[in-house]
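The values are calculated or read from the model by the stated rules, or taken from the named source; none is laboratory data. Predicted model only: the values in this text are computed from it and were never measured. Ideal geometry is used to build each Cβ from the backbone, glycine not excepted, and the neighbour counts take in all protein chains shown.
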Amino acid sequence: MPTLRIALAQVNSTVGDIHGNAEAVRRWSREAAGAGAHLVAFPEMMLTGYPIEDLVFRNSFVAASRQALDDLAISLVGDGLGELAVVVGYVDADGPAHTSSDAVSGKGRRDASALLYGGQVVATYFKHHLPNYGVFDEDRYFEPGSSLTVVRLGGVDVALTVCEDIWQAGGPFTAARRAGAGLVVNINASPYELNKDDVRLPLVQRRAAEAGATVAYVNAVGGQDELVFDGDSMIVSRDGELLARAGQFTEGLLVHDLDLPAADAAPNAEGSTDAAKPLVEQSIPDEMAIHRVSVLSSFAALNTAKDGGIAERISDEAEIWAALTLGLRDYVDKNRFRSVILGLSGGIDSAVVAAIAVDALGPERVFAVSMPSGYSSEHSKDDAAEMAKRTGLDYRTEAIQPMVDGFLANMSLSGLAVENLQARVRGVILMALSNQEGHLVLTTGNKSELAVGYSTLYGDSVGGFNPLKDVPKTMVWKLARWRNTQANAPIPENSITKAPSAELRPDQKDSDSLPDYDVLDPIIKGYVDQDLGRAALVEAGNDPALVDRVLRMIDLAEYKRRQSAPGTKISGKAFGRDRRLPITNSFREGAKPL
Ligand SMILES: Nc1ncnc2c1ncn2[C@@H]1O[C@H](COP(=O)(O)OP(=O)(O)OC[C@H]2O[C@@H]([n+]3cccc(C(=O)O)c3)[C@H](O)[C@@H]2O)[C@@H](O)[C@H]1O
Ligand SMILES: Nc1ncnc2c1ncn2[C@@H]1O[C@H](COP(=O)(O)OP(=O)(O)OP(=O)(O)O)[C@@H](O)[C@H]1O
Ligand SMILES: NC(=O)CC[C@H](N)C(=O)O
């Protein structure tokens, strides 16, 4: 049985930085070769970053990706890595293998995987199953591949697949069984959602059984706008045993030795039977042609054994915190901001955003402003100052009352207009400091507030990025408590325990306008995350009058959400690309048809 040492490169690429991403492939390939690997696999669209969205419509972009792939194959040989097989994701298009942008027809764009060896692109594979739900729009962008590529490498048949291929039964994994593959390499850009890691392992196990082959699953890590990729790369044997698994949210190589059936000794090719392989519960037909390539007759001998190990799972709060810090750090760094700024009110939302920012960037890159008004309580100022002391972030005070008074001396305003004016003056101050000093402004509104529209447009909703956009208020408190059990306990206890208040008028409390968050959040979850209608929400035990009120608030706030800052997705359905609703919309849940 040949022993293949595989390295799964769970690494971070940047959308559009094709040169930098190719350099990262070279760097991690050197590491893999240093660890004695025969094959290193990189994530889906490693060369271009993922998702590239409408960039794919530019022929120049596709041509640059193809050119980078060819150049990479050659440069790997220059690095002394000609004997290493490198599997890497990129974007391709049908047409001649020329690389000038004129030669790319723009037709048949492909989400592709290539195997590089000895200075050549020896094999390519085009993703067969294209996801077209949730945040994915791949039917808009790509043509599905219709053949499976199997590379005979060191005497082992290795099948290439891409991400969604593993999420659907049939197709490439069934074809891999028919082709007699010993190993299926599945390269991914699979975005994080809470508990998705619990789904991935059984999924990979099902496909290993379907293919009758070991499956190596490598996922990207890092943030891209509203998505964050959590890694969680793994290897599962054909009988379902988890052999190795990487941690979440960290870059690294998962290096593991695999004893795999020799292609000649285990003839599973079309028409033959293989009693040794586990049976697939239901045999799913596939119509994929099988394309075979052969490149290396045997693997270099190994002196010592390598076991990648199995990383421990982490708690929900730890997982979300890691997602939010990585999502923010990559947004800030990949968009080349030196620092961030936010309004620090002494309340829980801005405290948690500040703590995330300090963990993501370090206190020297985080600037906070206390902006007390005539209605601000003493504790709001003290709690904000205490937060600054605990974390070491840069802290200053800008009193807003003189500026609010300036407006009121020149305009006759009352009631809500004056309340919102305070929030807007704060927004102006933060944007002014952003312009003056170059910080990215962080918004602090959580998912519950965003759902019901509890924020001032062009006021506290200003900002370029919102770490809490997909975090319900009840989870904000849980995260604060969890974070304070970890190093340095950054959040003042009083910020966690006090009743939430916008402090826009005397003694204002959130509970004046909103139900308690532990009643509100389940209704939001049902309506937003699960698309439940009024009847189902009432059946689930929610008060009918409250359901009506909350659904109305959610429906009416669509216009605010459409203008809101991006923020890291952590749930099954985040506001934004995941949930697309018309703003002008007269449909009301529960309204009687005429
Ligand atoms: N369909 C539509 N399409 C486009 N624009 C639309 C619109 N409907 C209203 N608008 C515009 O939006 C305006 C109303 O929105 P806006 O000015 O924001 O004002 P509004 O939503 O009426 O008031 C803000 C609410 O958020 C609360 N708040 C504010 C600040 C912080 C917090 C907190 O605790 O975090 C809570 C505050 O207590 C108040 O209840 C309208 O005057 C109109 O200009
Ligand atoms: N006195 C203040 N000083 C600085 N920033 C403020 C102040 N008041 C409000 N803000 C900013 O506006 C955002 C909205 O806060 P607001 O107090 O209205 O309610 P909140 O949603 O409960 O937020 P928080 O829990 O952070 O107070 C705050 O998160 C903060 O960024
Ligand atoms: N890039 C993809 O194909 C991702 C889709 C897949 N269902 C996932 O979330 O992992």
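The table below lists the values:
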quantity	calculated
Hits in the stretch 499-523 (condition: within 12 Å of ligand 1 (Cβ to nearest atom), over 18 Å from Ser370 (Cα atoms) and out of contact with any Ser or Thr (no Cβ under 6 Å at 6 or more places or on another chain))	Ala499, Asp510, Ser511, Asp512, Ser513, Leu514
Members of the stretch 123-152 that are closer than 21 Å to Val86 by Cα and surrounded by 16 or more Cβ atoms within 10 Å (Cβ to Cβ)	Ala123, Thr124, Tyr125, Phe126, Lys127, His128, Gly145, Leu148, Thr149, Val150, Val151, Arg152
Scope the stretch 317-339; condition buried (at least 22 other Cβ atoms within 10 Å of the Cβ) and of a type in the set (Ser, Thr, Tyr); matching residues	Thr325, Tyr331
Top-ranked residue of the stretch 505-522 - restricted to ones that are at pLDDT below 95 and buried (at least 19 other Cβ atoms within 10 Å of the Cβ), ranked as nearest to Val404 (Cα to Cα)	Asp510
Condition broken by Asp383, with the remaining ones in (1) within 24 Å of Pro500 (Cα to Cα); (2) at pLDDT 95 or above; (3) more than 8 Å from ligand 2 (Cβ to nearest atom); (4) part of a loop (DSSP other than H, G, I, E, B) satisfied	(4)
Residue in the stretch 456-479 that is more than 13 Å from ligand 1 (Cβ to nearest atom), over 20 Å from Leu361 (Cα atoms), surrounded by 22 or more Cβ atoms within 10 Å (Cβ to Cβ) and without any contact (Cβ under 8 Å) to a residue 60 or more places away in the chain present	yes
Number of positions in the stretch 378-417 that are among the basic types (Lys, Arg) and either touching a residue at least 40 places away in the same chain (Cβ under 8 Å) or within 16 Å of ligand 3 (Cβ to nearest atom) (or both)	1
Search result, residues across the stretch 118-132 that are in a loop (DSSP other than H, G, I, E, B) and either within 16 Å of ligand 1 (Cβ to nearest atom) or not polar (S, T, N, Q) (or both)	Gly118, Gly119, Lys127, His128, His129, Leu130, Pro131
Restricting the stretch 355-380 to residues that are in a helix (DSSP H, G or I) and touching a strand residue (DSSP E or B) at 6+ places or on another chain (Cβ under 6 Å), the residue that is nearest to ligand 2 (Cβ to nearest atom)	Ala357
Criterion (under 18 Å from Leu440 (Cβ atoms), assigned to a loop (DSSP other than H, G, I, E, B) and within 20 Å of the chain's Cα centre (by Cα)) met by exactly one of Arg313, Arg336	Arg336
Some residue of the stretch 227-245 being hydroxyl-bearing (Ser, Thr, Tyr), crowded, with 23+ Cβ neighbours inside 10 Å and under 24 Å from the mean Cα position of the chain (by Cα)	yes
In the stretch 534-565, residue nearest to Asn585 (Cα to Cα) [restricted to those that are of a type in the set (Gly, Ala, Ser) and exposed (fewer than 14 other Cβ atoms within 10 Å of the Cβ)]	Ala535
Test: Gln422 is within 16 Å of ligand 1 (Cβ to nearest atom), in a helix (DSSP H, G or I) and more than 28 Å from the chain's Cα centre (by Cα)	yes
Only one of Glu31, Glu23, Glu44 that is of a type in the set (Asp, Glu) and either part of a loop (DSSP other than H, G, I, E, B) or closer than 12 Å to Val87 by Cα (or both)	Glu44
Some residue of the stretch 45-52 being more than 22 Å from Phe136 (Cβ to Cβ) and within 26 Å of the chain's Cα centre (by Cα)	no
Residue that is nearest to Ser370 (Cα to Cα) [pool: residues in the stretch 457-474 that are in contact with a Gly (Cβ under 9 Å, 6 or more places away or on another chain) and among the charged types (D, E, K, R)]	Asp460
Qualifying helices (runs of 4 or more DSSP H) (wholly inside the stretch 447-534; at least 2 residues being in the same structural domain as Gly392 (by TED's automatic domain parsing) and away from ligand 2 (no atom under 14 Å from the Cβ))	473-484
Selection count, the stretch 20-63, where residues are surrounded by fewer than 21 Cβ atoms within 10 Å (Cβ to Cβ), under 22 Å from Gly95 (Cβ atoms) and acidic (Asp, Glu)	2
Residues (more than 14 Å from Gly541 (Cα to Cα) and among the aliphatic types (A, V, I, L, M)) located in the stretch 496-523	Ile496, Ala499, Ala502, Leu504, Leu514
Near pairs, Cβ below 6 angstrom, 6+ apart or cross-chain, from the stretch 21-50 (at positive phi) to any residue that is among the basic types (Lys, Arg)	Gly36/Arg5
Those strands (runs of 3 or more DSSP E) lying entirely in the stretch 133-242 with at least 3 residues among the hydrophobic types (A, V, I, L, M, F, W, C)	147-153, 156-162, 183-188, 214-219, 227-230, 234-236
Leu421 vs. criteria among the aliphatic types (A, V, I, L, M), within 17 Å of Leu344 (Cβ to Cβ) and either surrounded by 15 or more Cβ atoms within 10 Å (Cβ to Cβ) or touching a residue at least 12 places away in the same chain (Cβ under 8 Å) (or both)	no
Pairs where the first residue, in the stretch 184-195, is within 16 Å of ligand 2 (Cβ to nearest atom) and the second is among the acidic types (Asp, Glu), C-beta under 6 Å, 6+ apart	none
